[in-house]
Amino acid sequence: LSIAIYGGGQLAKMMAEAGKEQGLSVSFLVEEHEETVCVDGMGTIVRKLPTLSNEELFKQLGEPEVLTVEREQVSHSFLHEFSKLIRVSPNPHAVETCGDRIKERQFLSDLNLPVAPYKVVANKQELTDYFSSHSHKLVIKHPHSGYDGKAQWRVKSLEEIEQLNDDIFSCPLIAEEFVNFDFEASVVGVRDIKGNIQAYPLTKNDHHGGILYSSLSLKPDEINELTPPAQDIISRLLEEFDYVGVLAVELFHTAEGWVINELAPRVHNSGHWTMDGCNHSQFDSHMRAISGLEVEAIESEANAGMVNLLGKGLETIEDKPNLAAHWYGKSIRPLRKVGHVNFARDTRAELERCQKELLLAIYPETFA
Ligand code: AMP
């Protein structure tokens, strides 16, 4: 079976590695000027030039049976069109919904799933009116550009709203209430063509400046009152979308329970620990599901975690034992995701100690 992956970054690389282990052949569809260093040498790379028809792209990609995506910021009309030629998994509707925060919020609200109170605002006056009716701290988000906290503005007074640049209103924005969460978490789930669902253990995530630095898996028995509702959320979404493949849900945990922050219709950074902490990584499960195989039960090692390498080389961890380092082949630039380190430990205390030591060794400027 042959799979085309739309995207040429580290997620595409790790999906391709898992696919090759399963005997799949893999090619990559990338934008005209997209960097491909992560996937160079792993299979045919086809640039999505405006002069090429979908049929020509299909041929150049090696006539794959399935197209999948490594990110939601892709041409959704292209996905819809391409799905007339071959199966697109996850389906274009799911990718489009998750790729637009306004559509995503609407979808979640229609399902009565918990999201922060929000309003779509078209201009500064509408934002001012919403703020005045709430007089609360707001987080303003662009509907589709922006990740890792980019294209996001926080305001806690009318003066701060006044100071916002009018240019940010080039399209309607989401203004949502600031959530006073006690921690951030995510849950990764997978659904196969027959509708079987598996959810990975809940993962606790640590962000700084809107960027994920580290994740720790949470054992079901450790927070048993939190895991089932989070896994119910992912199962419900997988079913509602008639989804095939891996889906991730980012969550805030609050005194009232879970609030959904965001959906990612793909493998997710907070699931990277599964490469060294589970019988099947999120990449294995995704490739199995999209190629039509049944997903297998997820079994996980007791305590596993991950620290991202953001603009830092492997030399920052070279004296540390019992780590699995994953390097993406990119050049190092400040805060650029160039790799990650996974670790599994016998006890929770050892796992947390390892996480602390790694963060301190890799980012002394932030964690010392
Ligand atoms: P996002 O790009 O939406 O994933 O946001 C990046 C980070 O900003 C999140 O991981 C949170 O740490 C923070 N954040 C986003 N939305 C909110 C919110 N409504 N309230 C509080 N923090 C938020």
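Summary table
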item: Pair His134, Asp242: separation of 7 Å Cα→Cβ label points (nm); result: 3.4
item: Relative contact order for the chain, counting Cα pairs under 8 Å that sit 6 or more residues apart, in percent; result: 14
item: Where N is the number of residues in the chain, Cα Rg divided by 2.2 N^0.38 Å; result: 0.99
item: Alpha-carbon centroid distance for the pair segment 327-363 / segment 10-28, whole angstrom; result: 24
item: Label point 7 Å beyond Cα of Leu111 along Cβ direction - residues of segment 46-81 with amide nitrogen under 14 Å; result: none
item: Fraction of antiparallel bridges per DSSP, the chain only, in percent to nearest 5; result: 80
item: Sites Asn180 and Lys20 - FRET efficiency at Förster radius 56 Å, r taken between beta-carbons, to 0.05; result: 0.80
item: Top positive-direction residue, dipole computed over the chain with Cβ charges, set Ser235, Ile3, Leu263; result: Ile3
item: With every protein chain in place, the chain: carbon and sulfur % of accessible area (1.4 Å); result: 48
item: Percentage relative contact order, segment 124-185, counting C-alpha pairs under 8 Å, at least six apart; result: 42
item: Reachable lysines from Lys13, criterion Cα separation under 21 angstrom, eight or more residues apart if same chain; result: Lys48, Lys312, Lys330, Lys337
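The values are calculated or read from the model by the stated rules, or taken from the named source; none is laboratory data. What you are looking at is a predicted structure, and each value in this text was computed from that prediction instead of being measured. Note that we place each Cβ from the backbone using ideal geometry, even for glycine, and neighbour counts take in every protein chain shown. With ligands, DNA and RNA removed, areas are computed over all heavy atoms of the protein, side chains included. Shrake-Rupley method; radii C 1.70, N 1.55, O 1.52, S 1.80 Å.
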